Amino acid sequence: MKQQNFRPVCWYFILTFVLLISGLSAESQSFAKIYGRITDEKKQPLELVNIAVLGYPGGVTSGKDGSYELRIAAKKTLKIVYSFVGYESDTAFVTLQPDEKYRCDKILQQVATMLPYLVVEDKTLRNTNLNRIDPHAATVIPSASAGIESLIKTMPGVVSNNELSSQYSVRGGNYDENLVYVNDIEIYRPFLVRSGQQEGLSFLNSDLVSSVLFSAGGFDARYGDKMSSVLDIRYKKPVEFAGSASASLLGGSVHVEGSTNNRRFTYLAGIRYKSNQYLLNSLETKGDYKPKYFDFQSLLTYNINRKLELSVLGYAASNIYTLVPESRETNFGTLNDPLRLKVYFDGRESDSYRSLMGATTINYKPSENLNIKWIASAYNSRENESYDILGQYWIQLLENKPDSIEVVENKGVGSYLTHARNRLNINVINLENRYSFISGRSFTQWGIRYQHEIIHDRINEWMLIDSAGYSIPYNPGTPGFPGNISNLAVYYNLKTSANITSNRYTGFVQNSWDFDGDSTKLTLTTGLRFQYWDYNRQILVSPRATISFKPNWKRDILFRFSTGYYFQPPFYRELRNLQGRINPEIRAQKSIHFVLGSDLNFYAWERPFKFVTEVYYKMLRDLVPYEVDNVRIRYLGYNDSDGYAMGIDMKVNGEFVKGVESWASLSIMKTEEDLFDDYYYEYYNQMGERIVAGVTADQTVADSLLVQPGYIPRPTDQRVTFGLFFQDYLPMNPTYKMNLGLYFGTGLTTGAPNTPLNKHTFRMPAYRRVDIGFAKQIIGNEAGSSSRKFFRSLDSMWITAEILNLLQISNTISYMWVRDFDGNQYGVPNYLTSRQINVKLSVEF
């Protein structure tokens, strides 16, 4: 047994040694450097310009000051290509001697007619399912929770019906099925959060981001084990001192970046503060909201030599949410039966979510063909949830007249008391080793990873409901005593604790080949992942493959097909069922992806556009069913269903307005699951009438019918979604700009608590929201520079007015369930934020 376990490890290190030696031998090739600065016609620096050697993989992008530095092969005549969306591409032919440094400055011309797309986009990226997103758009898109996630929500296949939350679901998955990486380090989200207003700041700081890649499915084996999507973030690598600051009614942020003169040491740091109290005051639940969200991030990089680089990423966050509720008034019902719910509260809620993360990365590049990376990271999350809230409610029937507030009668009265003392402490430690090797037209990547998890969980929560003088569930008790006093039973009670220590071992290998023919181009990427978790002792093997085909047609079109196994081993929440018990035998959920797509580049109005379409089918097996309430996911804790998700995603992006990029996406999707053993019987009396309320002793059952519900919609079954991000400016004065975000999604399914999932077929109203922002540039570009000494160091200054929820639509996020005197149950909608105005000032220096 020991030899069998040792042999794969032995071969792994032998292979690593052989490739390392081959990389060192390749070092005999000599190199030179080309550097310079890229500006526009007005001598303004251009950031994120692509600089690459034609016909070779890789490349660099220009920094904030327009500077760049590219290492190239010596003693060869090479063609350097400079490209940037909205500007005419430029080239330079160079032949340099070993260790020579050559300066080449470029001025790019802004034009309406672009060169063909193949020189202004990443050709390697186009062959994959990854979609590149401009991170600068995250700073201008109007949103209640501005950031990278606000852009992701406009992507095809992405669903988010809560502007207060950064969470999103993709192609029928839930919030826990999405991978997020920053510089190859996996990022986690809070676990105890119940609603969007508690969530606070997400990890991703848009001020620090240089690259955003997103895939809605069919992604490569080098990414981890989740069933839905991957978001790959890269932070900046500064070349000179710069920074930014912003302040608004919802918070503020500051970031600085820079490097030493020899550029061996770089630093990047950002601090953010957020308080959405202004937004929360527009909710129907009135009270004293005190949210305080704060975080700090830094990335330090040091080049030990030209082959070896050390970087350290640090993160600390404190998200505190306090609420003293006072009252709530909600009108609901129909035109013929208008109702009102009035609630008076007493009590307090206090939640805290504190996170720490540190990561050290060593990047070793012994040759141009071989790159070796070691990553060590540690993550800690301490979450506390505490509340005692008493609510007394009245259900009132209103007069059936337009705009009438006259109460006709009280249909119900009751109260409820909720209590929680929940504690969660999670520690995750990772050690990872990654390799990448280029050989001709082949690109190979492989790696191994060890993860150690320590989880301490304490949950104590319950709810007592008193409806019309009786506690629910009702217990008549001992004769002579009121039923609501003797043997008092709570409506819901969960008290449990768990301590879990486990280890995960993962690895992957993948390779990409390029095959160029006379009339076509073919790219094939295949990969294999494996994982073993010692808690449930399950071994997982996930093969994945993507093939892209570009015919030699007049139109610039590319076709892609991806397939593969995407296992999702349980982390923690999937292990715990609704009763709080841990299931150590739970297995990984499985999704088999089939994704067929096309990528078309075309011109309209003499400007470039891209139209991407993907048709997909996901076969889902060994699912763990769940319920969704706001952003809280409650799992049943068992592999108890199979299902599927299928649909089509479409996105068009380009310069609808000359010089600025906008996009629109449309998705049609259907996802269902078939629960195991969810059958039930319907009973009928001698008259053939179905007995609805259950069989009693005085009823005679004449017949019964076995009912198999079959496939039912999953909680994320949102059939149609549409997202739009649009930018515009005044042609005669481009210092005035407009940015618009539009979101639409048909209703999700829901149901009353403590009812079978096959009864959760009621659909909420559609989610509709429009956010718009109007910005004026005070300093920079066409606005010029300030004559005042204090402002001379500023590169730009913008002032923005945002109208959030422009159309004043009351969107429903969940329901509060109450009963009247007759035992009828009502779902009272919990509405999201109403129209609000936000003012923001942002500067760059």
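The values are calculated or read from the model by the stated rules, or taken from the named source; none is laboratory data. All values reported here derive from a predicted model rather than from experimental measurement. Don't worry about glycine lacking a Cβ; one is built from the backbone with ideal geometry, like all the others, and counts go over all protein chains shown. Keep in mind that these areas ignore ligands, DNA and RNA; they rest on the heavy atoms of the full protein, side chains included. Shrake-Rupley method; radii C 1.70, N 1.55, O 1.52, S 1.80 Å.
Some points to look at:
- Remark: for residue pairs 373/550; 342/670; 292/759; 618/651; 286/840; 365/590, the C-alpha separation exceeds 28 Å in 373/550; 342/670; 292/759; 365/590.
- In segment 584-623, the chymotrypsin sites (Phe, Trp or Tyr not before Pro) that fall in loop regions by DSSP, at most 12 other Cβ within 10 Å: 605
- Fraction in percent of alpha-carbon pairs per bin - 5 Å, segment 729-845: 2, 9, 13, 13, 11, 10, 8, 8, 6, 6, 5, 4, 3, 1, 0
- The angle between the Cα long axis of helix 2-26 and the main principal axis of the chain comes to about 40°, on a 0 to 90 degree scale.
- FRET efficiency, residue 834 to residue 188 (Cβ-Cβ, R0 30 Å, nearest 0.05): 0.40
- Cα→Cβ-extended label distance, 7 Å offset, between residue 720 and residue 354, nm: 4.9 nm
- Equivalent ellipsoid dimensions for segment 609-690 as semi-axes, Å, which come from the Cα gyration tensor, largest first: 43, 17, 14
- Within the chain, helix-based [θ] at 222 nm, where runs of 4 or more DSSP H residues each add -39,500 (n - 2.57), nearest 500: -1500 deg cm²/dmol
- Cβ-Cβ FRET estimate between residue 808 and residue 547, R0 fixed at 30 Å, reported to 0.05: 0.05
- Cross-link partners of residue 658 among aspartates and glutamates (Cα-Cα below 20 Å; sequence separation of 8 or more within a chain): 40, 41, 47, 88, 90, 121, 134, 606, 728, 782
- For the chain, accessible area per residue (1.4 Å probe, heavy atoms of protein chains only), Å²: 45 Å²
- Modelled FRET efficiency - R0 35 Å, residue 598 with residue 261, Cβ distances, 0.05 increments: 0.10
- Rounded percent of accessible protein surface that carbon and sulfur make up, the chain, 1.4 Å probe: 56 percent
- Largest to smallest principal axis extent of the C-alpha atoms in segment 524-628, angstrom: 62, 31, 19
- Cleavage-rule hits (chymotrypsin sites (Phe, Trp or Tyr not before Pro)) in segment 525-580: DSSP loop, at most 15 neighbouring Cβ within 10 angstrom: 553
- The HN-Hα couplings worked out from phi for segment 415-428 by the Karplus form 6.51 cos²θ - 1.76 cosθ + 1.60 (θ = phi - 60°) are 8, 8, 10, 10, 9, 8, 9, 10, 9, 9, 10, 10, 10, 10 Hz, whole numbers, x standing for Gly and Pro.
- Part-to-part distance (alpha-carbon centres) for segment 624-682 and segment 268-324, which is given in Å: 29 Å
- Interchain or long-range residues, amide H under 5 Å from residue 241's placed H: 259
- DSSP-loop trypsin sites (Lys or Arg not before Pro) across segment 490-542, with at most 11 other Cβ within 10 angstrom: 537
- Kirkwood Rh (inverse of mean 1/r, distinct Cα pairs), the chain, angstrom: 29.6 Å
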